[in-house]
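The next block holds one structure in the form of C-alpha cells; read it before the comments.
No value in this document is a laboratory result; all are computed from the given coordinates. Just so it is clear, the model here is predicted, and its values are computed rather than measured. Note that we place each Cβ from the backbone using ideal geometry, even for glycine, and neighbour counts take in every protein chain shown.
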Amino acid sequence: MRIFVAGGAGYIGSCTTEYLLDQGHQVTVFDALLNGHRAAVDPRADFIQGNLEDLDGLQRAMDQARPEGVIHFAAFIEVGESMKDPLKYFNNNVANAIHLCQAATDHNVHKLVFSSTAAVYGMTEHFPIREEEPKSPINPYGESKLMFERILAWQHQLKGLPYTALRYFNAAGATRLHGEDHHPETHLIPLIIQAARGERKAISIFGEDYDTPDGTCIRDYIHVLDLAQAHLLALQSDFVGALNLGTGGGSSVRQVIDTVKKVAGHDFPVEVAPRRPGDPARLIADSTAARKILGWNPQYQDLETIVRSAWDWKQAHPLGYNDR
Ligand code: UFG
C-alpha cells in the first residue's frame, strides 16, 4: 500500500513508519519539523517537509505520493500547553487537520486513520472505558481531538471518506531505531529514565493521595509498536468509527518507577509533589472492539518489556535525536 504519514517525524509517527516499511509498504512522511526530528524519518521513506496549514502544498505532496491510505499524527499533544493557549490547539488540531481531510477526500484515499486520545473521555465513571462512554473532554487538547473525530464522521457520511479514529491511552516504549524525544519532556516513563540516568535530580510523583491501591495515578501503558500494528490493521479494514487502544491493565506511577529501578539495576531519588491539575485517578481502556473488529493482537503488553525498550533506546541515544 502507498501510505501518506502526516507527522511521521514525531514519536508515534516515526515508530509506525518504521513498522509499515518493515511490512513492505511504501511510505511518504509529511512533517513540518516543528516538534518532529528530521533524523527520526526512516531513510527508506520519502520525505516532504510541509505544514498542514498550507493546503496547496499539501495537495501537491499528495499528488506526488498518490496515497491509498493516510495516517494523521501531525497534532500538538501537550495537555498543559493547551490550557494556556487553546487557540494554538484548535488551529492546528482542527483547522489544519481539515486540510488533511480535504486533501484525502480529493485524492480518493481508501482510508484515513486518525490519532485520537483517551483525553476525549474526560472524567469517566466506568472502568475499563468503552467507546460508548460519554465524551466530555476537560482540556482543549482532548476537545480538539474530539472535534476532529466529529468532522471525520460528517465527512464520511456526506462525502464518503472512510476513516478510523484510534483513541490511544498512554503510548510508551520504543523500537530499536525510534523512541520518545520531546522538548520539553512531560511524559512519565522518559522522565523517570532521565532520573535513573542522573540527568535530573529526582522524579516527582504528582500526588499520592488518590483513591487507588498505592495512592498514585493508574494509567494503561501501551507499547508504541502495538499501536503501529493497529494503524496498519485500521488502514486495511472497512471499519469506520472510533476504537480504544490500551492493554486493559493499569500500572500506578509507583509501579512504573519500581519497574525502571529494576531495569536500570539501581535506585534513584523519588519525591512526592502535589497533584497535577486535571489528572484523573485512573484511565484504563476496554479494547475488546479493536481486538474483535481489527484482529488487533498486541505483543508487548508487559510493563517491564515496555520500560526496557524505552531504556534501551535512551542508552543507545543518550541525546535523543540530538537536533535541538
Ligand atoms: N506523572 C508523575 N510525575 C511526572 C510526570 C507524570 O507523577 O513527572 C504522572 C501523571 O500525574 C500521570 C501519569 O504520571 O498520573 C502519566 O502522566 P503522563 O504525563 O505520562 O501521561 P498522561 O496520562 O497525563 O497523558 C497521556 C498522553 C496525553 C493524553 C492522555 C490521555 O500523554 O497526550 O494520556 O488521557 F491526552
query: Quick one: which of Lys135/Lys261; Lys84/Lys159; Lys84/Lys111; Lys84/Lys201 span more than 29 angstrom between C-alpha atoms?
result: Lys135/Lys261; Lys84/Lys159; Lys84/Lys111
query: To the nearest 0.05, how large is the calculated FRET efficiency for Ala273 and Gln236 if R₀ is 41 Å and r is the Cβ-Cβ distance?
result: 0.40
field: Cβ-defined net charge surrounding Glu131, 10 Å radius [Lys, Arg +1; Asp, Glu -1]
entry: 0
statement: Toy charge model, Lys and Arg Cβ at +1, Asp and Glu Cβ at -1: the chain dipole around Cα centroid in debye, rounded to 20, equals 200 debye
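Counting other beta carbons within 10 Å of each Cβ, put Glu149, Glu208 in order, fewest first. Walk me through the intermediate numbers first.
Working: Glu149 19, Glu208 16.
Lowest count first: Glu208, Glu149.
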- prompt: Around Arg200, which amide H atoms from residues at least 5 apart in sequence, or from another chain, sit under 5 Å from its own amide H, with H modelled in the peptide plane?
  reply: Ala195
field: Cross-link partners of Lys292 among aspartates and glutamates (Cα-Cα below 14 Å; sequence separation of 8 or more within a chain)
entry: Glu131, Asp238
message: What's the magnitude of the charge dipole for the stretch 50-101 around its Cα centre, counting Lys and Arg as +1 and Asp and Glu as -1 at the beta-carbon? Answer in Debye, nearest 20.
response: 60 debye
task: For Lys262, put the label point 7 Å out on the Cα→Cβ axis and report which residues of the stretch 268-306 keep their amide N under 20 Å from it.
output: 268-270, 299-306
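For a quick check: sort His110, His126, His223 by the number of other beta carbons within 10 angstrom, fewest at the front. List each step's numbers first, then the result.
Working: His110 15, His126 10, His223 25.
Ascending number of Cβ neighbours within 10 Å: His126, His110, His223.
Compute, for the stretch 1-154, the length of the dipole vector about the Cα centre, with Cβ point charges of +1 (Lys, Arg) and -1 (Asp, Glu) only. Units Debye, rounded to 20.
Details: 12 positive and 20 negative charges, 21 e Å.
It comes to approximately 100 debye.
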task: For Asp56 paired with His182, estimate the spin-label separation in nm (one decimal), with each label point 7 Å from Cα along the Cα-to-Cβ line.
output: 3.5 nm
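Using the 10 angstrom Cβ neighbour count as an exposure proxy, how do Glu131, Glu125 rank, fewest first? Don't skip to the answer; put the middle values down first.
Details: Glu131 19, Glu125 7.
In increasing order of surrounding Cβ atoms, one gets Glu125, Glu131.
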- request: Using only the alpha carbons of the stretch 7-104, determine the length spanned along each of the three principal axes and report them from longest to shortest in whole angstroms.
  value: 41, 25, 18
task: Give the long-range amide H neighbours of Ile222: residues separated by 5 or more places, or on another chain, with amide H under 5 Å away, using H modelled in the peptide plane at 1.01 Å from N.
output: Asn170, Ala171, Ala172
